[in-house]
Structures are given as structure tokens and as C-alpha cells.
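The values are calculated or read from the model by the stated rules, or taken from the named source; none is laboratory data. Computed from a prediction, not measured in an experiment: that's the story for all the values here. Counting neighbours? That spans all protein chains shown, and the Cβs are built from the backbone with ideal geometry, glycine included. Note: accessible area is taken over every heavy atom of the protein model, side chains too, but ligands, DNA and RNA are not part of it. Shrake-Rupley method; radii C 1.70, N 1.55, O 1.52, S 1.80 Å.
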Amino acid sequence: MIAANLARVHAQIAEAALRAERRPESVTLVAVSKTKPLEAIKVAYNLGIRDFGENRVQEVLEKQATFSPPDLRWHMIGHVQTNKANKVCGSFAYIHSVDSLHLALSLQRAAEKKSHAEETAVVQPVLLQVNISGEARKEGMTPEETPAIARQLRSLSHLKVQGLMTVAPLVDDQEQVRPVFQALRQLRDKLRQEVPEYSWDQLSMGMTDDYPIAIEEGATIVRVGRAIFGERVK
Ligand SMILES: *Cc1c(COP(=O)(O)O)cnc(C)c1O
């Protein structure tokens with residue numbers, strides 16, 4: 001099942017990229033394996049997937065302890081509590097979910113400590129999570145406050161800000177999320193002007209229900225779970 005699903009997702013990524021006159025290789029597929037057993041991760045890995053997304057610190061640390069081939073890249077896509085900063089810093093290709101200055105400062109301190117302990121500079125790549133749709137219960141900084149926060153992050157030598165992430169709202173008609181993705185891209189363009197110290201290369205947007213639209217609007221990373229691994233049973 002995973003093999004057929006992956007083939008379908010790869011095909012959809014390629015089609016969406018071509019519609020937008022982009023190269024399919026410009027889109028990184030992160031397979032979101034949260035709640036799924038290690039066996040499913042291994043199957044996807046053996047089919048060529050190298051990027052895996054998880055949203056719970058405890059769960060991903062357990063998975064990492066058991067299965068971590070050197071070329072596997074883990075992505076933290078869920079909310080990180082500041083008291084868990086020590087546990088996540090340095091263990092992920094990207095932390096997609098930096099949603100406050102407070103968390104960024106905790107990650108900086110954690111990376112600093114780790115750098116001393118390991119006598120090597122730990123620099124954690126991160127994305128800033130933005131709540132574009134403004135839903136009250138959703139994590140993320142507001143688009144308005146993002147430039148000011150980004151400016152404050154420039155002094156944090158152990159964090160490398162590489163772009164933005166958003167989670168689109170649940171809608172009946174997928175076309176309704178397109179403006180959300182467009183707004184994230186426009187915010188990225190603005191940040192390139194206003195905070196040029198960072199490249200702002202990565203746009204992490206698009207999930208099972210909307211990743212083709214996200215790619216049409218410029219996503220460089222899509223986070224796809226159910227379309228690869230099937231529905232999650234909670
Ligand atoms: C669960 C999750 C995904 C994947 O969702 P699917 O609908 O299964 O593709 C992507 N991003 C975040 C932040 C998630 O929590």
C-alpha cells in the first residue's frame with residue numbers, strides 16, 4: 001500500500017510542479033509518520049524516502065533511538081514546549097515549528113549548551129511557523145509580528161532561519177486554502193527585503209488535502225502523512 005501511495009504522491013508532486021513551471025526536484029517530500037510504527041517508516045525508507053516528519057518529541061526520540069540511518073533526515077513539525085528545547089536541538093534537519101521568540105531563545109540556549117558539551121558548533125536549521133489564517137486555536141506567530149521577531153533572531157548564532165511554515169485551515173473546498181499559501185509566499189518575499197541576512201529559501205506548506213495547491217503556490221517542502229501511510233487511528 002505504501003509503495004502505491006508513494007508513487008501516486010510523487011506523480012502528483014511532479015504534475016503540480018509542471019503546472020507551475022517548476023522542477024519537481026525543487027519540492028522536498030516530508031513523509032509525516034506520526035502515530036505510525038517504525039515498520040512503516042522502514043518501508044518508506046526502503047522505497048527511497050529520506051525525510052520524515054513527526055510532531056511529538058517523545059515519540060520521535062524513541063523512533064530515532066531505534067532507527068536512524070545516517071542519511072535519514074528527521075523534521076520536527078509539531079509544537080515544541082520550551083522545556084523540551086534541550087531534547088530537540090541538534091536532532092532535526094529542520095524544526096518547522098518555531099512559533100515564538102521565547103521558543104527561539106530556548107533553542108539558542110540549548111544549542112549553546114550542546115555546543116560546549118560536544119565541543120563542536122551546533123547550528124539548528126529552523127523555520128518560523130506563521131498563523132496566516134488567524135484561527136484562534138492555531139499555533140504560529142502572526143504575519144504582522146514575524147518581521148520584528150525575525151530581526152531579533154539575527155543575533156542567535158546557533159539558529160539558522162531558512163524560511164517559513166504554515167498549516168492551512170480545514171476547508172470543504174481545497175481552493176479556499178490557496179490565498180493562505182499565497183500570503184505565506186508574499187510574507188517570504190517581504191522578509192527577503194526586510195531581513196536579508198537570511199535567505200528565506202524554504203516554504204513548508206501543504207498536507208495531504210492540499211499539497212498540489214501548495215506546490216503551485218511555491219512550496220519547497222510539503223508535509224504529507226495520510227496520503228502515504230493511510231488514515232491515522234487515534
Ligand atoms: C499531521 C501533520 C501533517 C500531515 O497531515 P496529513 O493530513 O496526514 O498529510 C502535516 N503538517 C503538520 C504540522 C501536521 O501536524
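For the cross-link pairs Lys36/Lys113; Lys63/Lys138; Lys34/Lys84; Lys42/Lys190, the ones whose C-alpha atoms lie over 28 Å apart are Lys36/Lys113; Lys42/Lys190. P(r) for the stretch 44-155, from all Cα pairs and a bin width of 5 Å, is 2, 11, 20, 22, 20, 13, 8, 4, 0 %, short bins first. Taking only alpha carbon atoms, the stretch 106-185 gives an Rg to Rh ratio of 1.11, where Rh is the Kirkwood radius. For Gln202, the amide hydrogen comes within under 5 Å of the amide hydrogens of Gly163, Leu164, counting only partners 5 or more places away or on other chains and with H modelled in the peptide plane. Computed with a 1.4 Å probe on the full set of protein chains, the accessible area for Ser106 sits at about 10 Å².
Each of Ala117, Val60, Ser106 was scored by the projection of its Cα onto the charge dipole of the chain, and the greatest displacement toward the positive side belongs to Ala117; charges sit on the C-beta of Lys, Arg, Asp and Glu. Label-to-label distance for Gln182 and Ala65 is 4.8 nm, based on points extended 7 Å past Cα in the beta-carbon direction.
Using a probe radius of 1.4 angstrom, the carbon and sulfur fraction of the accessible surface of the stretch 2-229 is 48%.
Mind grabbing the base-10 log of I(q)/I(0) for the chain at q = 0.10, 0.16, 0.18 Å⁻¹? Debye formula, identical points on the C-alpha positions, no solvent, two decimal places. The computed values of log10 I(q)/I(0) come out as -0.44, -1.18, -1.46. For the chain, the relative contact order is 21 percent, taking Cα pairs closer than 8 Å that sit 6 or more residues apart in sequence and dividing their mean separation by the residue count. In the stretch 2-229, taking the dipole from charged Cβ atoms about the Cα centre, the farthest positive-side position among Gly225, Thr82, Gln129 is held by Thr82. What relative contact order, as a whole-number percentage, does the stretch 19-145 give when Cα pairs under 8 Å and 6 or more residues apart are counted? Reported as a whole number, the value is 17 percent. Annotation for the stretch 112-171: trypsin sites (Lys or Arg not before Pro) lying in DSSP loop with at most 12 further Cβ atoms inside 10 Å of their Cβ are Arg137, Arg154.
For the stretch 2-229, the solvent-accessible area works out to 46 Å² per residue, with a probe of 1.4 Å and every protein chain left in place. Modelled spin-label separation between Thr208 and Ala14, with each label point placed 7 Å from Cα along the Cα-to-Cβ direction: 2.4 nm. Note on Lys114: no aspartates and glutamates have a C-alpha under 18 Å away, same-chain residues under 8 apart excluded. Helical content alone sets the calculated 222 nm signal of the chain at -12000 deg cm²/dmol, taking -39,500 (n - 2.57) per DSSP H segment of four or more residues and averaging over every residue.
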